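Below is one structure, written out as structure tokens, with a few remarks after it.
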Amino acid sequence: MIMVKSTPKEIFYYGEARPLPKQVFLKAGPLNMVYENGAIRYIRYGETEVLRMVYAAVRNHNWDTIEPIIRKETIQEEGNSFTIDVEIEYRQDELHFIAHYTFTGSETGVVRFEMKGKCLSSFQKNRIGFCILHPIHECAGNDCTVTKADGRVIGASFPNAISPHQPFMNIKALQWKLPKGCSATLRFEGDVFETEDQRNWTDASFKTYSTPLDLPFPVQMHAGEEVNQVVELSLPDVQEAVTRSSQNQKQLNFTISNSAADLPKIGVGSSTEVEHLSARAVELLRRIGFHHYRYDVKFHKPDWKKLLAKACRDAEALGLPLELALHLSEKQYAEEAEAFCRHLLGSKADIYAILLFQDNKKTTPTGLIHALVPQLRRCFPAAKIGGGTNAYFTELNRQTPPSEDLDFLTYSINPQVHAFDNLSLIETLEIQGHTVTSAKNLARGKEVHVSPVTFKPRFNPNATATNAGEDPELQIDARQRSLFGASWTLGSIKYMAEAGAKSLTYYETAGRKGLLMPQGKAAGDLFPAEGGDVFPIYAVLQYILEDPQAKVLYSKSSDPLVFDGLVLKKHKGQRIILSNFTIDQQEVKIPIAQGKFQVYQLDEHMLMNPDWAELLSSKPSRVETENRHCSVALPPFGLLIIDVD
């Protein structure tokens, strides 16, 4: 990025100058937790995570989550207890809602969340109320007891595989086991709650929420109408406090297995912002080593043939085969497919994959597959043909197309369906691997392709209003061109590669959703990048794709919310890429055999050089270790690339 030294470091770190939300560490008897930005996170009993988060959500008629604005906030701590009072405003278009929340934690381990909300305007809503997130590792596959709204008590269990539908419904209370014979109990007042598996959207949790989805929505709310709820967490079997070791006392470790997975074929999407790629952009993009170039063919556009021809020329300039997503109409799909085949049959287009989608259908219909796949195979025998969804894994999980006639199943990923903060985005990384594992089961031996991966949703598949969420400005995230964005991309590739994804497509070539800014175009105040800037994501992709035949060695971070990494087994030696998700320097112990290794560093200091992209492989520092382990220092939000002979 072309930045002067006066640029706030936060711009390099995570894309905007404002500081990260303040965290307050709290105790309620035996429980430890964190308060941040109007929510309670990471409630723990010793080393066991009891709840991932408790927060309130306001979602409009299109299921858009309205970002909260804190107006007043007071925090009182007294040893092993606390009281928090916070007033939060929610405002978007005609929706205007305000709520007063009181969170209390007692010395006996009871944590109470109370909401008193009021509509300041009339609007339609799909949900208003508390959301309780249950951690996956501690809950998946474990038994629980559900008290229904009518008083019945039934035995149940949190699902192991990603559940397409709600595992628990009509909940008045929920109880589950903790280690050492203890249990946790949640009780709800003010509405009826139910639970869904948020791994469908790559969230790292099961979510218990109100109001039940089998009730009609959206619901008309009227100015002056009140919404009141109470959620209470208790540990009735716990008698004494348990001390949890602080993070500062823990050694951060990175471990590497000898087991390996194939590095997926990784491609890039065509730009929806930049009409023409400059010669410099083409040269830079060719250096990365992408496998393919995605373009969406939208047959409702009268000039689709002209646009497709341009995409073919761009792919040829980039030296990449095409991944073509065909968006066919409900009634004229046969004619559109015929025209598509005629248009490309005489061309020099190199087609890697064809993705079949149909307008107004969340997943590829069986009839479309049976009607078009034989014809497409005759016309493009070398191309892989797949179906699935252009939206989220949720749709694939709920309505899976038959895979017998397909080469692969596909779905897209973005980490911001329900939450938008850095920590929540980091949490999604491991769960992306869960979706690949589940998709492989649905595919019954066929490949899994994830396309595309983006930071923000490209559209809203559940909107009730036409074209909701398709405003291009709503698809922009300043983290796209930050060090955080590079680290998030590294983690995304790591977990989906380890899970066995065969093909991944990331972002766009150029523009605010891409890897670099075009020459002569500034992005604006909300995305402070200049024309010609190259984003750190570019470096991560180049470091990973330098050797497309490399294998991905399974690896594990001792604290993946603090740091993570990906390991490549190359023809000679290993490449370890580590990333820091925090604003503090982190010391990490890594297993490296005795000898010398080379270290490349990507941090804010490097990005101050306008020619940093030209220097990615130059002047590494050489480090020597005398044993099988050494410690390395990860710079704030920075990355280390370690080449071991």
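With every protein chain present, what is the per residue accessible area of segment 509-582 (1.4 Å probe, Å²)?
For segment 509-582, the solvent-accessible area averages 35 Å² per residue.
Based on the mean of other Cβ atoms within 10 Å per residue, sort peptides 450-457, 279-286 so the most packed one is first.
For the peptides 450-457, 279-286, the packing ranking is 450-457, 279-286.
Once the other residues with Cβ under 12 Å from the Cβ of Arg127 are scored (Lys, Arg +1; Asp, Glu -1), what is the net sum?
Around Arg127, the surrounding residues sum to -1.
Sorted by mean Cβ packing within 10 Å, highest first, what order do the peptides 431-439, 484-492 take?
The most tightly packed comes first, giving 484-492, 431-439.
Just how large is the dipole of the chain about the Cα centre, in debye to the nearest 20, putting +1 at every Lys and Arg Cβ and -1 at every Asp and Glu Cβ?
For this selection, approximately 1520 debye.
Over 23 Å between C-alpha atoms is what I'm after, so list which of Lys384/Lys440; Lys306/Lys362; Lys305/Lys456; Lys301/Lys446; Lys301/Lys331; Lys446/Lys494 land there.
Lys306/Lys362; Lys305/Lys456; Lys301/Lys446
Run through segment 375-446 and list the chymotrypsin sites (Phe, Trp or Tyr not before Pro) located in a DSSP loop whose Cβ has at most 16 other Cβ atoms within 10 Å.
Phe420
Given N residues in segment 97-169, what is Rg(Cα) / (2.2 N^0.38 Å)?
So the Cα radius of gyration is 1.47 times the expected 2.2 N^0.38 Å.
How big, in percent, is the set of alpha carbon pairs in segment 1-156 lying more than 18 Å apart?
68 percent
When a/c reaches 1.5 or more, the comparison of a/b and b/c decides; with that in mind, is segment 561-611 rounded, prolate or oblate per its Cα gyration tensor?
Verdict is oblate for segment 561-611.
Kirkwood-based Rg over Rh for segment 395-546 (C-alpha set), two decimals?
0.99
Output ³J(HN,Hα) for segment 111-127: one whole-Hz value per residue in order, computed from phi by the Karplus curve 6.51 cos²θ - 1.76 cosθ + 1.60 with θ = phi - 60°, and x for Gly and Pro.
Whole-Hz 3J(HN,Hα) from phi for segment 111-127: 10, 10, 10, 10, 10, 10, x, 9, 7, 9, 8, 9, 7, 9, 10, 9, 7.
Give me the percent of the accessible area of the chain that comes from carbon and sulfur atoms, probe 1.4 Å, all protein chains in place.
48 percent
Just from its helices, what would the mean residue ellipticity at 222 nm be for the chain, if runs of 4 or more DSSP H residues each count -39500 (n - 2.57) and the sum is divided by every residue, rounded to the nearest 500 deg cm²/dmol?
-5500 deg cm²/dmol
Sort 63-69, 40-46 by packing, meaning the average of other beta carbons within 10 Å per residue, with the highest value first.
The most tightly packed comes first, giving 40-46, 63-69.
Whole-Hz ³J(HN,Hα) for each residue in segment 280-293, computed from phi via Karplus 6.51 cos²θ - 1.76 cosθ + 1.60 with θ = phi - 60°, x for glycine and proline: what do you get?
Listing the rounded values in order: 5, 4, 4, 4, 5, 5, 5, 5, 5, x, 4, 8, 8, 9 Hz.
Normalise the Cα radius of gyration of the chain by 2.2 N^0.38 Å (N = residues in it) and let me know the number.
Computed over Cα atoms of the chain, the ratio equals 0.98.
If you count the DSSP beta bridges with both ends in segment 405-563, what percent of them are antiparallel, to the nearest 5?
Beta bridges within segment 405-563, antiparallel portion: roughly 10 percent.
Looking at the square roots a ≥ b ≥ c of the eigenvalues of the Cα gyration tensor of segment 142-212, which shape do they give, rounded for a/c under 1.5, prolate if a/b is larger than b/c, or oblate?
oblate
Using amide H atoms built in the peptide plane, which far-off residues or other-chain residues are under 5 Å from Arg127 H to H?
Counting only residues 5 or more places away or on other chains, the set is Arg59.
Give me the accessible area of Asp405, 1.4 Å probe, in Å² rounded to the nearest 10.
Its accessible surface works out to 70 Å², give or take rounding.
For Cα pairs less than 8 Å apart in space and 6+ apart in sequence, what is the mean separation divided by the residue count of the chain, i.e. the relative contact order in percent?
13 percent
Two decimals, Cα atoms only, Kirkwood Rh: what is Rg/Rh over segment 354-439?
For segment 354-439, the value is 1.06.
For segment 189-329, what is one quarter of the convex hull surface built on the Cα atoms, given in nm²?
19.7 nm²
For Ala325, list long-range residues whose amide hydrogen, built 1.01 Å from N in the peptide plane, is under 5 Å from its own amide hydrogen.
Correct list: Tyr295, Asp296, Val297, Leu355.
The values are calculated or read from the model by the stated rules, or taken from the named source; none is laboratory data. Predicted model only: the values in this text are computed from it and were never measured. For neighbour counting, all protein chains shown are included, and Cβ atoms are generated from backbone atoms with ideal geometry for every residue, glycine included. All accessible areas refer to the heavy atoms of the entire protein, side chains included, with ligands and DNA or RNA removed. Shrake-Rupley method; radii C 1.70, N 1.55, O 1.52, S 1.80 Å.
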